[in-house]
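Undergrad: This is the structure I have questions about; it appears just below.
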Amino acid sequence: MTPALVLKDVSAVYRNSPRPVVDNVNLQLKTGELLAILGPSGCGKTTLLRVISGLMPASGGTIELGGTTVVSANTNIPPERRRIGLVPQDAALFPHLTVAQNVAFGLGKHPNKAARVAEMLELVDVAGLADRKPAQLSGGQAQRVALARALAPNPALVLLDEPFSALDAALRTRLRMDIVAILAAANASAILVTHDQDEALSMAHRVAVMNGGVIAQCGTPSEVYNAPTSEWVARFLGTCTVLDDTLVVRPEQVSLSSTEESGNFAATIRSIEFLGHSTMYVVERGDGVRLSSRCLGAPRWQPGDTVSVHLAADLHRLS
Ligand SMILES: Nc1ncnc2c1ncn2[C@@H]1O[C@H](COP(=O)(O)OP(=O)(O)OP(=O)(O)O)[C@@H](O)[C@H]1O
């Protein structure tokens, strides 16, 4: 089956930047797949989206959308002809149009405009808000409408640029699974740009971890989290200690007990952070190496206590 999107050696450079901000990026997206591009601020995520959508020219490489070349050395299809739906950070709905009119906006001379709008509003669960203006919507509702507007023309690709960044933490978590379900129901191929590890790991089929303009690693959420290919990726995806420069130890792989057991080693509790569902401890081995340990429930020890530490058997080794 033809991939929804193929990027081959795509680079991008700003006029005043000394080196490419997107540097030889290679990625493929299957139809119906949700790929997260995850990376720290300034790594080039938004620039990559701008190049894919055609808002910025590539300085090199090729881009194919649904088997059609939209960018190459002698091709640069304009944004409006790429069939890409964009969901920006702040919804960016047209303030003077109603919800229904916003969703209808990109439909042009669609034969069943009203029915398509109704179908999209139903899909994102805002059917009762069709006649409201954007100012009368909550942040979460506005993002749903922005997604409906992006999906309405049946785009080849949906780009979501930090779509939850303006929302509070509780709403953000709730909306994540809704958006995944909506994209799946529409069989949409989508790229989600985020700097939030939890968001990328929980929502995407695959995660491309980006750093300094390059894709440091691309894989399933479990591959990038459990089998990082570099110390940088390991650390970016969550708390860890790297033992002997090679062994990646995550807090959930470190268990503590009060009784000595064979294979365990002794350590001293240095700090405690109660997180409600779990407690994060920092423990220090005799040689001064510190490890984080996540244990379910409330704190059982105090700073200064000696505990017996057990490491999981399946620690990942960096090659
Ligand atoms: N118009 C511009 N001119 C010159 N440099 C720019 C321009 N826009 C962005 N940059 C630089 O390009 C780099 C990548 O920026 P980009 O916005 O793509 O990163 P990002 O990963 O999306 O960051 P964030 O998560 O903070 O939005 C940064 O170093 C930024 O300063």
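The values are calculated or read from the model by the stated rules, or taken from the named source; none is laboratory data. On a predicted model such as this, the values are computed, not experimentally measured, just so you know. Neighbour counts run over all protein chains shown; Cβ positions are idealised from the backbone, glycine included.
Undergrad: For region 140-163, how many residues are touching a residue at least 40 places away in the same chain (Cβ under 8 Å), of a type outside the set (A, V, I, L, M) and more than 19 Å from Glu80 (Cβ to Cβ)?
TA: The total comes to 3.
Undergrad: Considering only residues that are farther than 20 Å from Ala156 by Cα, out of contact with any His (no Cβ under 9 Å at 6 or more places or on another chain) and more than 8 Å from the ligand (Cβ to nearest atom), which ones fall in region 34-59?
TA: Ser59
Undergrad: Give the residues of region 20-54 that are of a type in the set (A, V, I, L, M) and under 24 Å from Ala234 (Cα atoms), sorted by residue number.
TA: Taking region 20-54 first, the residues of a type in the set (A, V, I, L, M) are 21-22, 25, 27, 29, 34-38, 48-49, 51-52.
Scanning region 20-54 gives Val21, Val22, Val25, Leu27, Leu29, Leu34, Leu35, Ala36, Ile37, Leu38, Leu48.
Undergrad: Ok, one more. Please go through region 166-187 and give me each residue that is surrounded by 15 or more Cβ atoms within 10 Å (Cβ to Cβ) and not in a helix (DSSP H, G or I), ordered by number.
TA: As a first pass, look at region 166-187 and keep what is surrounded by 15 or more Cβ atoms within 10 Å (Cβ to Cβ): 166-167, 171-172, 175-176, 178-180, 182-183, 186.
Passing the criteria: Ala166, Leu167, Ala186.
Undergrad: Considering only residues of region 1-33 that are over 14 Å from Ile215 (Cα atoms), in contact (Cβ under 8 Å) with a residue 40 or more places away in the chain and within 12 Å of the ligand (Cβ to nearest atom), which is farthest from the chain's Cα centre (by Cα)?
TA: Filtering first and then ranking leaves Arg19.
Undergrad: Another one. May I ask you to verify whether Ala100 is surrounded by fewer than 19 Cβ atoms within 10 Å (Cβ to Cβ), more than 23 Å from the chain's Cα centre (by Cα), farther than 22 Å from Ala190 by Cα and not assigned by TED's automatic domain parsing to the domain that holds Leu34? Give the derivation first.
TA: Details: surrounded by fewer than 19 Cβ atoms within 10 Å (Cβ to Cβ): no; more than 23 Å from the chain's Cα centre (by Cα): yes; farther than 22 Å from Ala190 by Cα: yes; not assigned by TED's automatic domain parsing to the domain that holds Leu34: yes.
Answer is no for this residue.
Undergrad: From the list Thr69, Thr75, which residue is surrounded by fewer than 13 Cβ atoms within 10 Å (Cβ to Cβ) and either more than 16 Å from the ligand (Cβ to nearest atom) or in contact (Cβ under 8 Å) with a residue 60 or more places away in the chain (or both)?
TA: Details: Thr69 fails: surrounded by fewer than 13 Cβ atoms within 10 Å (Cβ to Cβ).
None of the others qualify; the one that does is Thr75.
Undergrad: Continuing with this model, one more query. If Gly42 satisfies every condition in (1) surrounded by 14 or more Cβ atoms within 10 Å (Cβ to Cβ); (2) closer than 20 Å to Met210 by Cα but one, which is the exception?
TA: That leaves (1) as the condition not met.
Undergrad: When you check Phe274 against the structure, is it crowded, with 16+ Cβ neighbours inside 10 Å and aromatic (Phe, Trp, Tyr), yes or no?
TA: Details: crowded, with 16+ Cβ neighbours inside 10 Å: no; aromatic (Phe, Trp, Tyr): yes.
So Phe274 does not fit the description; no.
Undergrad: So which residues in region 188-217 are surrounded by fewer than 20 Cβ atoms within 10 Å (Cβ to Cβ), within 16 Å of the ligand (Cβ to nearest atom) and not charged (D, E, K, R)?
TA: His195, Gln197, Asn211, Gly212, Val214, Ala216
Undergrad: Right, next: Being within 22 Å of Leu5 (Cα to Cα) and either surrounded by fewer than 22 Cβ atoms within 10 Å (Cβ to Cβ) or touching a Ser or Thr at 6+ places or on another chain (Cβ under 9 Å) (or both) is the filter here, so list the residues in region 218-232 that pass it. Before the answer, list the steps.
TA: Initially, region 218-232 is screened for residues within 22 Å of Leu5 (Cα to Cα), giving 218-221, 223-224.
Within region 218-232, Cys218, Gly219, Thr220, Pro221, Glu223 meet the criteria.
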